[in-house]
Every structure is written in C-alpha cells, then in structure tokens.
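Q: Here you go, one structure.
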Amino acid sequence: MLYETSQSSKFPFGKVGTEWCLISYDWWLKWSYYVGRSNSGESLPPPIDNWILLKKSSAKQLIPNLSLGTDFEIITPEVFHAVQSWYGGGPKI
C-alpha cells in the first residue's frame with residue numbers, strides 16, 4: 001500500500017511515497033508472542049489473515065474506520081514478504 005500524504009504533513013512512517021504494508025493486528029500479536037517464546041515449544045502462528053481488514057465486496061478496499069495498533073500494524077514490504085514466506089497467508093495490503 002502506498003500511503004499518500006501531502007508534502008507539508010508530518011507523516012511518522014517515512015517520506016511521502018514510501019511503500020508500507022498493513023498486517024492484521026491479531027496476527028501480529030500472535031507472531032510477537034511466538035517469537036518472544038520460541039524456546040517454549042509454542043506452536044507456529046497460523047497463516048497471515050489480512051482478509052479481515054478488507055470489505056467482503058472488494059478484495060482491495062479496506063473496511064472503514066480501522067485503527068493502527070488495534071486492527072492493523074504497519075510494516076515494511078520486506079518484513080511482510082519474510083513473514084508471508086515463513087507462515088503463508090495474506091493478502092498483501
């Protein structure tokens with residue numbers, strides 16, 4: 001997802017035009033817990049499920065009023081590609 005913002009705004013996620021990906025916050029929490037406890041025999045996180053962030057009628061349209069840190073996290077495309085290659089799922093948003 002290319003985050004569009006005006007040149008004058010102070011966007012905390014990098015320069016205007018920087019590409020970022022969204023990932024389900026629920027999945028991110030499960031993954032964070034897993035990597036923090038990887039020696040305890042925890043099972044792998046499930047595949048990424050970003051479908052919960054999208055409208056049922058459109059595979060590329062976000063549900064209105066989603067919140068950062070509650071519904072999704074923002075990560076780099078490289079991080080998304082890595083976790084998707086390890087755990088599967090998607091889609092890339």
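Q: Would you please give the residues with an amide H less than 5 Å from that of residue 93, counting only those at least 5 places away or on a separate chain, with H modeled from the backbone geometry?
A: 22
Q: Still on this structure, I have one more. What number comes out for the charge environment of residue 48, summing +1 per Lys or Arg and -1 per Asp or Glu over other residues with Cβ under 12 Å away?
A: Counting the neighbours of residue 48, the net charge comes to -1.
Q: So with the 1.4 Å probe, I'd like the accessible area per residue for the range 50-91, rounded to whole Å².
A: Computed with neighbouring chains in place, this is 62 Å² per residue.
Q: If you take every residue apart from residue 77 with its C-beta less than 12 Å away from the C-beta of residue 77, what net charge results, scoring Lys and Arg +1 and Asp and Glu -1?
A: Residues near residue 77 contribute -1 overall.
The values are calculated or read from the model by the stated rules, or taken from the named source; none is laboratory data. None of these values were measured; they are calculated from a predicted model. Here the Cβ is made from the backbone with ideal geometry for all residues, glycine too, and neighbour counts use every protein chain on show. Quick note on the areas: whole protein, heavy atoms, side chains included, nothing else; ligands and nucleic acids left out. Shrake-Rupley method; radii C 1.70, N 1.55, O 1.52, S 1.80 Å.
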